[in-house]
Every structure is written in structure tokens, then in C-alpha cells.
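*Asks:* Take this structure, written in C-alpha cells, and hold onto it; I'll ask about it next.
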Amino acid sequence: MYGKIVVVGSTNTDFVFTTNKFPAPGETVIGTSFNATFGGKGANQAVAARLLGANVLFISALGDDKIGTDTIQHFNNLSISSEYIRIKEGISSGTACILVNADNGENMIVVSQGANGALCPDDIVTAAPAFADACMIILQAEIPIETIEWTTQYAKRLNIPVLFNPAPVPKGGFSEELLHCVSIFTPNEREITQLFPNIDDIDTAARKLLDLGIETVIVTRGREGASAYTAHGRLNIPAYPVQSIDTVGAGDTFTAALATAIVEGKELAAALEFANTAAALCTTKHGAQTSMPTREEVNEKLLITTL
């Protein structure tokens, strides 16, 4: 197994209700199905990386409730250590209530941040031993910004590369001090335009990020694949062709696969091809963590491509 990836981020449980119509205020409607699934961008990325064969350590926070207990068991079943997952007393675990309209696929989502909002810099300090032999740190933006900033600065001091997936983009974006500590930045097309609302050209926005000190900016483009920007120019890698049925979790799978490939020593083009293939396979099944591919599945598709 290759070097360790430390994921710092959110953990949620998603409660998904499917219905033929959304309720109006004060109205009760009968749903057609219900499903509870594990989610949260941090957890999704940790699980995806583990399924792809990475050595993963996850730092997160859960509430002192049954959801927290069930989630810990879920991670243990996947051989993801729960040593640095903090249990926050008196706070519920992160949850999301998702209503899906069966007729048109539209959704309505209410998120309760719960313990994710209580993951603080002190929790990262306590988890310092986890970073001792880390080859990469993955971060997203579903935890407090001060925790993200502290972690990136700490990683900078330890000379550990940081892969930052800036989702969701907060109002006001991110500080230059934070971005200066990031090695790889992976926004999608919407997120990079949110960061620079006065710039309507993605290439220009990406170069601006490079000017802030980020080594590699990778913009994911859905069916168009991904574009990587470095000091050497732009590299476009097309998406792996599949029949997509559900894009939930694809972005998290891409981020995890990219980190896994880079830690293994793959060159950027090969790492992007690996990540695009993993993300594409994720879209061929429903759900987030339930649809994430294994290393064997990705390798099989890559082998077919090279034949």
C-alpha cells in the first residue's frame, strides 16, 4: 500500500425521500420511497480513496447519537480508522433531508451541519500524530473555515501537499493566505466562477489562482472531462464515456482518485485519466458512497481503453 492520505472534512447521514410532488406549506404528501445513506464530502472522499486502494486516515466529527455510532461502524467496516473522529457531546451528527421529485428529478435539501460545525483547530492539534507520515492532505469546505485555514498552514509547515476541493464556496470566497498553502485546487466550473464573479473566462480565473501560489488548478467539467493548469500551461483530459444515471458523488470520487493516483507517483496526465474514469463509473449507479468504484473496476476500464 502506498503512502498515507489524511482526509479532514465532514460526515453526514442523508435521509432521502422520493415523492411524486413536493408538499406546499402545511401540506402532507405520501412519499414513494425512503433511503438513508452515508454522506458528507469529507466522508465521501475518504471512502472513495479507500475503495481505490489508498491508505486513508479520516479526521472528522460526529454527535453523541445513534447516527454517530452507526457511522463509526460503517468506517470500521471499510477499514478506515476512527481514531481521530471526534464525538461532540450534546451535538447531533450532521444530517441532510433530501426530497426528490420522482417525475422530474428535482430536489429540495435541508442540511443540519451538526457536529461538522464543531470540528475546530484544537481537534486538528490533537490529531497531530496522524500527519507524521502523510503524503497528502485532502480538505473540502463543509467544516469551519478557521479549521481549514489552520490545517493548511500546519501542512505548509510540515511540507505536506494539500489538495483542496473548494465545495461549497462560502460567501466572500477564501483568503489569499489559505490559497497560498494549497498545492492542488479542484473547483468545478461553477465554483471557480463563484470565486471570481467578475471574471467570465475560466482560463483567466485559473491563472489568477496560479498567481496566488497554487501549483496546480484542476477544473472539473462534467461530461467534458477536466482541465489542469500549471506553470507549464493547460492540459485537457476528456471524460471517460459512460451512460450516466446519477452524478451524486462523482466530484468527490474524482478528488479522491486524483489524490490516490498522485500519491502513487503517477504523472499528472495519467492521474487525471484515472480520476476521470473513477468519477465516470460513479455516475453509472445511484447514490454517493454506494456508487463509488473499486480499484479493480477502474483498472479494468483503463485496461480496455489501452487495448
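*Asks:* Out of Thr186, Ala206, Thr147, whose Cα points farthest toward the positive end of the dipole of region 131-265 (charges: +1 Lys, Arg; -1 Asp, Glu; placed on Cβ)?
*Replies:* It is Ala206, whose Cα lies furthest towards the positive end.
*Asks:* If you restrict to DSSP beta bridges whose two residues both lie in the chain, what percentage is antiparallel, to the nearest 5?
*Replies:* 45
*Asks:* May I ask for the distance between the Cα centers of region 100-120 and region 1-68, given as a whole number of Å?
*Replies:* 10
*Asks:* Using a cut-off of 23 Å between alpha-carbon atoms, which lysines can reach Lys41, once sequence neighbours fewer than 8 places away in the same chain are excluded?
*Replies:* Lys4, Lys66, Lys88, Lys156, Lys171, Lys285
*Asks:* Based on the Cβ-Cβ distance of Gln243 and Glu176, what FRET efficiency does E = 1/(1 + (r/R0)^6) give at R0 = 41 Å, to the nearest 0.05? List each step's numbers first, then the result.
*Replies:* Values: r = 42 Å, r/R0 = 1.02.
About 0.45, to the nearest 0.05.
*Asks:* So how far apart, in nm, are the two label points at Cys97 and Tyr2 if each is 7 Å from Cα heading toward Cβ?
*Replies:* Here the answer is 4.2 nm between the modelled labels.
*Asks:* Toward the positive end of the charge dipole of the chain, about the Cα centre and with charges on Cβ (Lys, Arg +1; Asp, Glu -1), which of Ala102, Ala118, Asn77 goes farthest?
*Replies:* Asn77
*Asks:* Take the alpha carbon atoms of region 127-191, find their center, do the same for region 213-282, and report the distance between the two centers in whole angstrom.
*Replies:* Cα centres, region 127-191 to region 213-282: 18 Å.
*Asks:* What FRET efficiency comes out for the pair Arg157/Glu300, r = Cβ-Cβ distance, R0 = 30 Å, nearest 0.05?
*Replies:* Once the sixth-power term is evaluated, E becomes 0.15.
*Asks:* What residues of region 149-170 lie in the reach of a label at His232, counting those whose backbone N is under 14 Å from a point 7 Å from the Cα along Cα→Cβ?
*Replies:* Residues passing the 14 Å test: none.
*Asks:* Follow-up. Full-extension gain between Ala24 and Ala270, please, as 0.36 nm times their residue separation minus the C-alpha to C-alpha distance.
*Replies:* Fully extending the segment from Ala24 to Ala270 adds 83.6 nm.
*Asks:* Right, here's the next one. Which value, in debye to the nearest 20, describes the size of the charge dipole of the chain about its Cα centre when Lys and Arg Cβ atoms bear +1, Asp and Glu Cβ atoms bear -1, and nothing else is charged?
*Replies:* Taking the Cα centre of the chain as origin, the dipole is about 300 debye.
Here, each number is a calculation from the coordinates, and none is a lab measurement. A quick note: this is a predicted structure, and the numbers were derived from the prediction, not measured. We place every Cβ from the backbone using ideal geometry, glycine too, and count neighbours over all the protein chains shown.
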